[in-house]
C-alpha cells in the first residue's frame with residue numbers, strides 16, 4: 001500500500017486495518033498478522049496488526065470485499 005505524504009498516522013492505521021480485514025475475510029482465514037514499514041524507516045516494522053477473530057460469514061463484509069474486487073476463497 002502507499003499513502004499520500006500528508007496522511008495522518010491514524011488514517012494510515014485505519015486503511016491498513018481495513019485492507020487486512022478484507023484480505024482476511026476474502027481468504028477465509030481465522031487469526032492473521034500483518035505488518036508494514038514506512039519508506040526509509042530503520043525499524044523492522046512501523047505498523048503491526050493482529051486480527052484474532054474467527055472467520056464467519058458476514059453479509060456486509062462480503063459485499064464490501066466484492067466491491068473491493070477481492071475474490072473470496074470458498075469456506076465451509
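Could you check region 42-56 and list, in sequence order, the residues that are touching a residue at least 12 places away in the same chain (Cβ under 8 Å) and not in a strand (DSSP E or B)?
52, 53, 54, 55 - these are the residues of region 42-56 that are touching a residue at least 12 places away in the same chain (Cβ under 8 Å) and not in a strand (DSSP E or B).
Could you count how many residues in region 58-69 are loosely packed, with under 10 Cβ neighbours inside 10 Å and either touching a helix residue (DSSP H, G or I) at 6+ places or on another chain (Cβ under 6 Å) or assigned to a loop (DSSP other than H, G, I, E, B) (or both)?
Within region 58-69, residues that are loosely packed, with under 10 Cβ neighbours inside 10 Å and either touching a helix residue (DSSP H, G or I) at 6+ places or on another chain (Cβ under 6 Å) or assigned to a loop (DSSP other than H, G, I, E, B) (or both) number 1.
Scan region 1-41 for residues that are crowded, with 16+ Cβ neighbours inside 10 Å, part of a helix (DSSP H, G or I) and touching a strand residue (DSSP E or B) at 6+ places or on another chain (Cβ under 9 Å) and report the count.
Result for region 1-41: 7.
Inspect region 1-20 for any residue being at pLDDT 90 or above and touching a helix residue (DSSP H, G or I) at 6+ places or on another chain (Cβ under 8 Å) and give the result as yes or no.
No.
Quick one: in region 42-56, of everything that is touching a helix residue (DSSP H, G or I) at 6+ places or on another chain (Cβ under 9 Å) and either at pLDDT 90 or above or farther than 28 Å from residue 9 by Cα (or both), which residue is surrounded by the fewest Cβ atoms within 10 Å (Cβ to Cβ)?
53
The values are calculated or read from the model by the stated rules, or taken from the named source; none is laboratory data. This structure is a prediction, so every number in the text was calculated from the model and none was measured. With ideal geometry, Cβ positions are generated from the backbone for all residues, glycine too; neighbour counts draw on all protein chains shown.
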